[in-house]
Amino acid sequence: MTEPASQIPAPLTGDQLTADSTPVAYEVADGVAYVTLNRPEFRNAQNSVMTYSLDAAFVRAVDDGAVKVIVLRANGKHFSAGHDIGTPERDFHVQYPNTASLYWDHTDRSGGDQRLAREIEVYVGMCRRWREIPKPMIAQVHGACIAGGLMLAWVCDFIVASDDAFFSDPVVRMGIPGVEYFAHAFVLGPRRAKELLFTGERFTAAQAQDWGMVNHVVPRDDLQDKVNEISARIVEMPQLGLALAKKAVNICEDQMGLRTSMDSVFGWHHFAHSANAEAAGGDSLGGMDAKSMKASAGGPTAGGTA
């Protein structure tokens, strides 16, 4: 049963963010803004409240001249189990003012039009917006980083993971070619990307480091210290130089086809949703839910993966 919109909390604004706020926490120390996914009871599954609260945190960090580095991390046992497809606060039906895209609202649309409008904004649009943040971003990953969790980690400039971290994009089991921010071939290489999509299997932090997706893997107890150590070195660099260096590398990725590839695959993603909806049963997720996705991927029950 869908919870009424009135019972779903509003996204946080920048001035509401604190070190303990939910679903996103925020604090600054020594030139570093720590943005923390703080919905641990649902394994940090991402509903729109979390998405827009994250955006508010990133805007606050960008606007703060004293912040040189942004660290994205998580409370609880896992970094993120993906997009929210089953918690009591799943809010796909709620209207939020568009921030990342100039597109019509999804709530007064139906079918494929509704799905496309929403995902242009909260999935691809937000991830692209965050990738362009002009300050270095480090993803600090532990535990599960599944599907939509990958999207959050991939928009960061690099990833530091604990040795207990694991990664997966199992959405091919839904009949869908991968998550919306389709960077797989760029961050994993084409053959690894195909293997992991075709099998739906999860891969370890050590494997991710070997394939070039993760920069450092450390014991769980050393994860925060390692991130702090790297952040401290970056903080010493000039802010404009950091912004320009980030822009330079991002431009190279785009020249190699990242953005246009993502546009193409996003179209196939939505074709798959519509094909599922037209099939027997009429479910755009191909009959999969949070529990069945968890069972297939070997990941945590989370209310989310898609």
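The values are calculated or read from the model by the stated rules, or taken from the named source; none is laboratory data. Computed from a prediction, not measured in an experiment: that's the story for all the values here. No Cβ is skipped: glycine too gets one built from the backbone with ideal geometry, and neighbour counts run over all protein chains shown. All accessible areas refer to the heavy atoms of the entire protein, side chains included, with ligands and DNA or RNA removed. Shrake-Rupley method; radii C 1.70, N 1.55, O 1.52, S 1.80 Å.
Annotations for the structure displayed:
- Binning the alpha carbon pair distances of the range 98-164 at 5 angstrom intervals from zero yields the distribution 4, 17, 21, 18, 15, 12, 8, 5, 1, expressed in whole percent.
- Residue pairs exceeding 28 angstrom between C-alpha atoms, taken from Lys77/Lys291; Lys68/Lys226; Lys135/Lys194; Lys226/Lys291; Lys135/Lys226; Lys135/Lys291: Lys135/Lys194; Lys226/Lys291; Lys135/Lys291.
- Largest accessible area first, the listed residues Met256, Met237 line up as Met256, Met237 when surface is computed with a 1.4 Å probe on the assembled protein chains.
- For the chain, the mean residue ellipticity at 222 nm estimated from helices alone is -11500 deg cm²/dmol, where every DSSP H run of n ≥ 4 contributes -39500 (n - 2.57) and the total is divided by all residues, rounded to the nearest 500.
- With N counted as the residues of the chain, its alpha-carbon radius of gyration over 2.2 N^0.38 Å works out to 0.94.
- Accessible area (Å², 1.4 Å probe, nearest 10) - Asp113: 60 Å²
- Charge dipole of the range 111-195 about the Cα centre (unit charges at C-beta), most positive-ward option of Phe186, Phe167, Met126: Phe186
- Accessible-area composition of the chain, carbon plus sulfur, in percent [1.4 Å probe]: 54 percent
- Longest segment of the chain lacking GluC sites (Glu not before Pro) that sit in a DSSP loop with at most 11 other Cβ atoms within 10 Å: 1-131
- For the range 1-99, the solvent-accessible area of protein heavy atoms averages 41 Å² per residue (probe radius 1.4 Å; ligands and nucleic acids excluded).
- Which of Leu240, Leu72 is most accessible, then next, and so on - probe 1.4 Å: Leu240, Leu72
- Gain in span if fully extended, Asp63 to Glu253, counting 0.36 nm per residue against the direct Cα distance: 65.8 nm
- Amide H to amide H, with H built 1.01 Å from N, Gln46 comes under 5 Å of Gly82, His83, Asp84, counting only residues 5 or more places away or on other chains.
- Diffusion coefficient, µm² s⁻¹, Stokes-Einstein with Kirkwood Rh over alpha-carbon pairs of the range 176-233 at 20 °C and 1.002 mPa s: 164 µm²/s
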